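Q: This is the structure, below, for whatever I ask next.
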């Protein structure tokens, strides 16, 4: 695919223009994953790689992409399996381990090495699995944003109400597409301290607005297994690479206490707390997140 440039965007290395994000695809195992990339010409070594939360997709990183591209590095934002424009197989393994396995092959196909891996929410759990097990040699730095960790794999009432009930195997048989969409639209804004615009709620809800989408969303929810998260908990604290923790002070989904525990137990962790931000920190405080990540990328 071709890549266009916006002459109004500057600030890359040496003042060079920052490339506008382009959409591309990569084959992984049996699936095709979609991603957006800026500064692809900078090469895959040392790239910043972004993994989103549930629900979401690569689009959630749009508010920070330009600032990260201004570091002069390539920046990749993936739609994980079952999200956005990536393949939507149902059933499939969309646990943190399944996502990490699929992404590991994709990263290798793209030649991504010495990356700065950034995971938000569920993507933070996937990033932990990659950095500790499935792509350990390829990760130079790790950043976790409002991440699930230890035995916390989901919140009781977000992004759907009564999550344990929604994890039941037969939930797709008893819930209509309309019911699930309504529940999602009502619950999503509770993850933001500043509220979400109608357009932003639409962006989060749109990809689940079909029978397949409903089934995939409930599959994602069903596979949020605390044992899968806890399996890498001790390995994260032993990582000998720089670890940045960015946490919303008012996070009601992945409480600040999780980030504080990681900061206490990890070897090389730095915790930055974002005042006034809830779980949807990329909506609440995108500029502060972008500055923290850019600073982290620039550190030696």
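Q: Of the conditions (1) closer than 25 Å to residue 48 by Cα; (2) touching a helix residue (DSSP H, G or I) at 6+ places or on another chain (Cβ under 9 Å); (3) at pLDDT 95 or above; (4) surrounded by fewer than 23 Cβ atoms within 10 Å (Cβ to Cβ), residue 222 clears all except one; give me its number.
A: Residue 222 satisfies all of (1) closer than 25 Å to residue 48 by Cα; (2) touching a helix residue (DSSP H, G or I) at 6+ places or on another chain (Cβ under 9 Å); (3) at pLDDT 95 or above; (4) surrounded by fewer than 23 Cβ atoms within 10 Å (Cβ to Cβ) except (1).
Q: Okay, next question. Before we move on, is residue 42 at pLDDT 95 or above, crowded, with 18+ Cβ neighbours inside 10 Å and over 21 Å from the mean Cα position of the chain (by Cα)?
A: Yes: the conditions hold for residue 42.
Q: Considering 91, 44, which residue is touching a strand residue (DSSP E or B) at 6+ places or on another chain (Cβ under 7 Å), touching a residue at least 24 places away in the same chain (Cβ under 8 Å) and over 25 Å from residue 284 (Cβ atoms)?
A: Working: 91 fails: touching a strand residue (DSSP E or B) at 6+ places or on another chain (Cβ under 7 Å).
Answer to the check: 44.
Q: Okay, next question. Of all the residues that make up the stretch 234-261, how many are outside any strand (DSSP E or B) and within 18 Å of the chain's Cα centre (by Cα)?
A: 9
Q: Please go through the stretch 87-97 and pick out each residue that is in a loop (DSSP other than H, G, I, E, B) and crowded, with 24+ Cβ neighbours inside 10 Å.
A: 94
Q: What is the number of the single condition among (1) touching a strand residue (DSSP E or B) at 6+ places or on another chain (Cβ under 8 Å); (2) in a helix (DSSP H, G or I); (3) more than 20 Å from residue 234 (Cβ to Cβ) that residue 130 does not meet?
A: Going through the list (1) touching a strand residue (DSSP E or B) at 6+ places or on another chain (Cβ under 8 Å); (2) in a helix (DSSP H, G or I); (3) more than 20 Å from residue 234 (Cβ to Cβ), residue 130 breaks only (3).
Q: Sticking with this structure for a sec: Hey, could you check the stretch 142-187 for residues that are part of a helix (DSSP H, G or I) and in contact (Cβ under 8 Å) with a residue 60 or more places away in the chain and say which is surrounded by the fewest Cβ atoms within 10 Å (Cβ to Cβ)?
A: Only one residue tops the list, namely 163.
Q: A further question follows. If you take the residues of the stretch 276-299 that are farther than 18 Å from residue 46 by Cβ and not in a helix (DSSP H, G or I), which of them is farthest from the chain's Cα centre (by Cα)?
A: 276
Q: Would you check which residues across the stretch 188-219 are modelled with pLDDT of 95 or more, farther than 13 Å from residue 90 by Cβ and part of a helix (DSSP H, G or I) and list them?
A: 188, 189, 190, 191, 198, 199, 200, 201, 202, 203, 204, 205
Q: Output yes when any residue across the stretch 264-274 is closer than 27 Å to residue 69 by Cβ, in contact with a strand residue (DSSP E or B) (Cβ under 7 Å, 6 or more places away or on another chain), buried (at least 22 other Cβ atoms within 10 Å of the Cβ) and modelled with pLDDT of 95 or more, and no when none is.
A: Yes, the stretch 264-274 contains a residue that is closer than 27 Å to residue 69 by Cβ, in contact with a strand residue (DSSP E or B) (Cβ under 7 Å, 6 or more places away or on another chain), buried (at least 22 other Cβ atoms within 10 Å of the Cβ) and modelled with pLDDT of 95 or more.
Q: Regarding residue 68, is this residue surrounded by fewer than 24 Cβ atoms within 10 Å (Cβ to Cβ) and touching a strand residue (DSSP E or B) at 6+ places or on another chain (Cβ under 6 Å)?
A: no
Q: Scan the stretch 106-125 for residues that are over 18 Å from residue 75 (Cα atoms) and in a helix (DSSP H, G or I) and report the count.
A: 2
Q: Taking the condition out of contact with any helix residue (DSSP H, G or I) (no Cβ under 6 Å at 6 or more places or on another chain) and on the phi < 0 side of the Ramachandran plot, does residue 235 pass?
A: No; evaluated as a whole, the condition is false for this residue.
Q: A follow-up question, please. Taking residue 7, is it at pLDDT below 95, part of a loop (DSSP other than H, G, I, E, B) and under 22 Å from residue 287 (Cα atoms)?
A: Values: at pLDDT below 95: yes; part of a loop (DSSP other than H, G, I, E, B): yes; under 22 Å from residue 287 (Cα atoms): yes.
Answer is yes for this residue.
Q: Quick one: which of 16, 100, 109, 58 is crowded, with 23+ Cβ neighbours inside 10 Å and either at pLDDT below 95 or touching a strand residue (DSSP E or B) at 6+ places or on another chain (Cβ under 6 Å) (or both)?
A: On the way: 16 fails: crowded, with 23+ Cβ neighbours inside 10 Å; 100 fails: either at pLDDT below 95 or touching a strand residue (DSSP E or B) at 6+ places or on another chain (Cβ under 6 Å) (or both); 109 fails: crowded, with 23+ Cβ neighbours inside 10 Å.
Of the residues listed, the single one that is crowded, with 23+ Cβ neighbours inside 10 Å and either at pLDDT below 95 or touching a strand residue (DSSP E or B) at 6+ places or on another chain (Cβ under 6 Å) (or both) is 58.
Q: A further question on this structure: Can you tell me which residues in the stretch 191-213 are surrounded by fewer than 19 Cβ atoms within 10 Å (Cβ to Cβ) and touching a residue at least 40 places away in the same chain (Cβ under 8 Å)?
A: 194, 200, 203, 212
The values are calculated or read from the model by the stated rules, or taken from the named source; none is laboratory data. None of these values were measured; they are calculated from a predicted model. Ideal geometry is used to build each Cβ from the backbone, glycine not excepted, and the neighbour counts take in all protein chains shown.
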